[in-house]
Amino acid sequence: MKSLLAVLLTLLALVHLLTPWSVLAINPDLRSLLLIDLRLPRTLLVIGYGATLGLTGAALQALFANPLASPDVTGSSSGAALGAVVGGYWLGLTEPLALAACGAAGALIALLGLLALAGRRAETSTLLLGGLGVSLACGAATSLALALAPSPFAFYDAFDWLMGSFTDRSLTQAAAALIPAALAGVVLIRKARALDVLALGEDVMASLGHSPAATARIIVVASAIAIGACVAVCGAIGFVGLIAPFLARRLTRGHPGQAMLPAALIGALLLLLADFATRSFDRPIPIGVLTALVGTPLFLWLITHRRRGMAL
């Protein structure tokens, strides 16, 4: 199944890069410029960001033992956006890598705040309330930082980015987002076995030579780096980190660790499809709006399903 997903992702990525073909056919002299400087960064960012959302979503859900612990629900995306806004508009940082570091710091603070509020094995209601509190606090702080920013156009400049955008990104920005995300992703995948064992309980995990506390720290820090770097460049995109692990667990019979790599592939596919959809409109639509429209019904269904399960 993973091989099939990888092949499908490769084919869809090529279509994403080459369409619309008519522009390339009409301007053969500009073909290299259009493909490498304009389209390639967008395609790489869509694939990389989608994979990051799926992978970190699966890791956080395994860590919290809760299918609702996606990057947006836990507040890590909101924290990353706050970190990037502070770095860009208050600290005057313009280098993509520096902004990615600010985003990672914001995501890490948000995840640590959620751990302090809800705990690592929180029930659904506690996790949702804690994540909502962190997200609201980060969102309010982001709005305040933009409102008080030295630039009077901060709100206007940041609007499209805050809703998620891949337009006009460069290869330098793609590298600043995807290299840290890839390194953090490798760390997360190496913890797949530990997360599978964690599902059996912390005592079993410790008896097999894995430290629950150390694993939790690694998952939180690596997830923060991956999400923060991508959000700093492309903005916050919701619900992909919820949907992709949900589908991946169906393919791996509920194993949280084994679901991480399929979740990354599915996340990349979902974001590619979403970007295709946004490009089909006459007017540009923030991709985060589209993913929210699709993801919200699933989110509500998951809450209802878990509530009914607990009632039984």
For the stretch 177-252, what size does the Cα cloud have along each of its three principal axes, sorted from largest down, in whole Å?
42, 27, 15
Residue range of the chain that is longest and free of chymotrypsin sites (Phe, Trp or Tyr not before Pro) which are both DSSP loop and sparsely packed (at most 14 other C-beta within 10 Å):
1-152
What are the semi-axes of the equivalent ellipsoid of the stretch 1-159, taken as the square roots of 5 times the eigenvalues of the Cα gyration tensor, listed largest first and rounded to whole Å?
34, 25, 11
For the chain, what's the radius of gyration and Dmax over Cα atoms, in angstrom?
19.1, 66
Compute and list, largest first, the equivalent-ellipsoid semi-axes of the stretch 76-225 from the alpha carbon gyration tensor, each √(5λ) rounded to a whole angstrom.
32, 19, 11
In Hz, Karplus ³J(HN,Hα) per residue of the stretch 89-98 (6.51, -1.76, 1.60; θ = phi - 60°; x = Gly, Pro)
9, 10, 8, x, 7, 10, 5, x, 5, 5
Can you give the Kirkwood hydrodynamic radius for the stretch 156-312, in Å, rounded to one decimal and based on Cα pairs?
17.4
For the stretch 164-217, projected area of the alpha-carbon convex hull averaged over all directions, nm²:
5.0
Centre separation in Å (Cα based) which lies between the stretch 1-65 and the stretch 252-307
15
Can you give the accessible area per residue of the stretch 116-213, in Å², using a 1.4 Å probe?
55
Computed helical MRE - 222 nm, the chain, DSSP H runs ≥ 4 contributing -39500 (n - 2.57), nearest 500:
-24000 deg cm²/dmol
So how far, in whole Å, is the C-alpha centre of the stretch 90-146 from the one of the stretch 206-231?
16
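The values are calculated or read from the model by the stated rules, or taken from the named source; none is laboratory data. Predicted model, so just to flag it, every value in this text is computed and none were measured. As a convention, Cβ positions derive from the backbone with ideal geometry for all residues, glycine included, and neighbour counts pool all protein chains shown. In case anyone asks, the SASA skips ligands and DNA or RNA and just uses the protein heavy atoms, side chains included. Shrake-Rupley method; radii C 1.70, N 1.55, O 1.52, S 1.80 Å.
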